[in-house]
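These notes concern the structure reproduced below.
The values are calculated or read from the model by the stated rules, or taken from the named source; none is laboratory data. Bear in mind the structure is a predicted one, so any value in this text is a computation, not a measurement. Glycine gets a Cβ as well: all are built from the backbone with ideal geometry, and neighbour counts include every protein chain shown. Note: areas computed on protein heavy atoms with side chains; ligands, DNA, RNA excluded. Shrake-Rupley method; radii C 1.70, N 1.55, O 1.52, S 1.80 Å.
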Amino acid sequence: MDLTERFLNYTKFDTQSSEDSTSVPSTPKQMIFAEYLKTELESEGLHDVELDDKGYIYATLPSNIKEEVPTIGFISHYDTSPDCSGADIKPQIVNNYNGGEILLSEGIISSPKKFPELMHHVGEDLIVTDGHTLLGADDKAGIAEIVQAMCYLRDHKEIRHGDIRIAFNPDEEIGMGAHHFDVEKFGCEWAYTMDGGDIGELEFENFNAASAKIIIKGVSVHPGYAKGKMVNANALAAEFAQMLPADETPETTEGYQGFYHLLGIQSNIEEARMSYIIRDHDRDTFEDRKRFIKRCTDMMNDKYGEGTVVCELRDQYYNMKEKIDPQMHVIDVVLHAMQACGVAPKVKPIRGGTDGAQLSFKGLPCPNIFAGGVNFHGPYEFVSIQSMQKAMEVIVKICSIVADFNR
């Protein structure tokens with residue numbers, strides 16, 4: 001099975017995760033794919049293949065050298081986003097893309113005018129959708145690249161490598177992918193998630209992240225007799241939202257700039273519930289943002305009475321940079337591998353988070369490498385076959401470099 005065939009085979013499985021579920025995996029259909037992957041890894045000759053009851057898959061490509069070298073790992077998630085259907089995916093291959101519009105289905109066009117990233121892949125072979133589902137390159141492209149790289153190393157014994165561990169997990173798209181990951185069982189000195197975007201991307205900085213639940217208590221009275229009595233939770237919610245900086249939202253920020261993001265409001269006169277996420281790359285500024293939203297709560301209570309507004313803050317994940325910086329050899333290996341494979345590195349911060357961020361704080365340094373997909377989470381998602389091939393080559397080269405790694 002070649003890389004393209006492997007990826008296309010994976011897209012046949014609907015593995016969409018669900019934010020509304022409390023089970024692990026969050027959807028039973030993810031386990032169906034996990035069982036398929038386990039069987040495939042066994043048939044490809046990998047060792048120590050294990051699927052646990054939560055859908056986490058672990059396997060090993062044993063070392064082919066006598067020297068002791070670091071055991072490293074590669075990780076991808078197999079769930080797809082709740083934002084767009086992942087069922088009945090109909091991938092199409094656009095050979096030798098010419099830079100023009102791509103007809104996905106009748107009346108549905110992917111155009112470089114709307115998606116200029118397409119122009120970076122002129123002359124390449126693109127896998128696209130039919131415009132009705134996502135593609136699933138996030139992150140089945142990463143899985144295909146990892147499995148293909150292991151098969152390549154298995155078949156090319158002249159390439160030296162130590163023990164290589166691989167793992168595939170559910171529920172990354174709902175922020176739960178690393179929660180049940182067994183770092184001790186994985187047994188690696190460091191690892192890489194193959195979950196980045198376009199070719200060359202390398203990420204080892206991400207947001208610090210928190211959620212804020214704002215609960216506002218109102219008092220409902222007949223509007224004809226409400227003077228001095230009614231407390232309209234709807235109006236207080238609007239007032240609270242106006243207290244936060246209008247120029248510090250996702251739609252007004254980029255790069256290293258952080259933000260407050262209002263995800264949703266459920267509101268009536270008696271009660272309003274507001275859901276925010278708070279993001280910043282800088283840890284001190286992140287803490288300042290949390291303190292500010294608490295001050296807004298206090299100001300509202302000073303104005304309308306203690307207990308009118310309650311703020312529930314919860315940290316979600318932190319910037320992996322503080323865990324990677326002391327071990328920059330983990331990054332140097334990737335940079336050397338990319339350069340050796342003719343890939344220009346594009347080091348940039350993630351305006352979000354990855355499983356690797358949480359794993360880094362669980363003791364497994366884990367930066368993020370490109371898998372080749374573009375326009376994730378929607379029907380205009382695509383992946384270049386050539387980018388996938390380069391990602392696979394980078395994995396192989398990393399394993400080769402680490403085999404000669406001088407601690």
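What number of residues within region 35-62 are of a type in the set (D, E, K, R) and not in a loop (DSSP other than H, G, I, E, B)?
6
Out of Ser85, Ser81, Ser43, I need the residue that is over 30 Å from His161 (Cα atoms), among the small types (Gly, Ala, Ser), surrounded by fewer than 21 Cβ atoms within 10 Å (Cβ to Cβ) and out of contact with any helix residue (DSSP H, G or I) (no Cβ under 6 Å at 6 or more places or on another chain). Which one?
After ruling out the rest, the residue left standing is Ser85.
When you check Gly55 against the structure, is it in contact with a Ser or Thr (Cβ under 7 Å, 6 or more places away or on another chain), small (Gly, Ala, Ser), farther than 25 Å from Val334 by Cβ and buried (at least 19 other Cβ atoms within 10 Å of the Cβ), yes or no?
So Gly55 does not fit the description; no.
Are any residues in region 86-105 part of a loop (DSSP other than H, G, I, E, B), under 13 Å from Tyr380 (Cα atoms) and hydrophobic (A, V, I, L, M, F, W, C), and if so, which ones?
Passing the criteria: only Ile89.
Strands (runs of 3 or more DSSP E) wholly in region 106-202 with at least 2 residues that are surrounded by fewer than 19 Cβ atoms within 10 Å (Cβ to Cβ) - which ones?
108-110
Among the residues of region 211-232, are any of a type outside the set (Phe, Trp, Tyr), outside any loop (DSSP other than H, G, I, E, B) and within 15 Å of the chain's Cα centre (by Cα)?
There is no residue in region 211-232 that is of a type outside the set (Phe, Trp, Tyr), outside any loop (DSSP other than H, G, I, E, B) and within 15 Å of the chain's Cα centre (by Cα).
When Gly107 is evaluated against the numbered criteria (1) out of contact with any strand residue (DSSP E or B) (no Cβ under 6 Å at 6 or more places or on another chain); (2) in contact (Cβ under 8 Å) with a residue 12 or more places away in the chain, which criterion, by number, is the only one it fails?
(2)
Of the residues that sit in region 270-303 and are in contact with a strand residue (DSSP E or B) (Cβ under 8 Å, 6 or more places away or on another chain) and β-branched (Val, Ile, Thr), which one is surrounded by the most Cβ atoms within 10 Å (Cβ to Cβ)?
Filtering first and then ranking leaves Ile278.
Only one of Ser267, Ser211, Ser220 is in contact with a Lys or Arg (Cβ under 6 Å, 6 or more places away or on another chain), touching a residue at least 24 places away in the same chain (Cβ under 8 Å) and either open to solvent by 70 Å² or more (accessible area, probe 1.4 Å) or of a type in the set (Gly, Ala, Ser) (or both); which?
Result: Ser211 is the single residue among Ser267, Ser211, Ser220 that is in contact with a Lys or Arg (Cβ under 6 Å, 6 or more places away or on another chain), touching a residue at least 24 places away in the same chain (Cβ under 8 Å) and either open to solvent by 70 Å² or more (accessible area, probe 1.4 Å) or of a type in the set (Gly, Ala, Ser) (or both).
Among the candidates Lys348, Lys397, which residue alone is open to solvent by 10 Å² or more (accessible area, probe 1.4 Å) and either among the aliphatic types (A, V, I, L, M) or at pLDDT 95 or above (or both)?
Answer to the check: Lys397.
Does Leu359 satisfy the criteria of being open to solvent by 10 Å² or more (accessible area, probe 1.4 Å) and either among the basic types (Lys, Arg) or touching a residue at least 24 places away in the same chain (Cβ under 8 Å) (or both)?
So Leu359 does not fit the description; no.
Restricting to region 63-85, what's the tally of residues that are under 16 Å from the mean Cα position of the chain (by Cα) and either part of a loop (DSSP other than H, G, I, E, B) or at pLDDT below 95 (or both)?
Residues meeting the conditions: 6.
How many residues, within region 5-29, are closer than 30 Å to Asp125 by Cα, polar (S, T, N, Q) and open to solvent by 10 Å² or more (accessible area, probe 1.4 Å)?
Within region 5-29, residues that are closer than 30 Å to Asp125 by Cα, polar (S, T, N, Q) and open to solvent by 10 Å² or more (accessible area, probe 1.4 Å) number 2.
Take Asp48 and decide whether it is under 28 Å from Arg154 (Cβ atoms), open to solvent by 40 Å² or more (accessible area, probe 1.4 Å) and over 18 Å from the mean Cα position of the chain (by Cα).
yes
Glu306 versus (1) outside any helix (DSSP H, G or I); (2) open to solvent by 50 Å² or more (accessible area, probe 1.4 Å); (3) under 19 Å from Ser211 (Cα atoms): which is the lone unmet condition?
Condition (3) is where Glu306 drops out.
Counting only residues that are under 26 Å from Glu173 (Cβ atoms) and open to solvent by less than 20 Å² (accessible area, probe 1.4 Å), how many does region 309-320 have?
2
Being open to solvent by less than 70 Å² (accessible area, probe 1.4 Å) and touching a Leu at 6+ places or on another chain (Cβ under 8 Å), is that true of even one residue in region 322-330?
no
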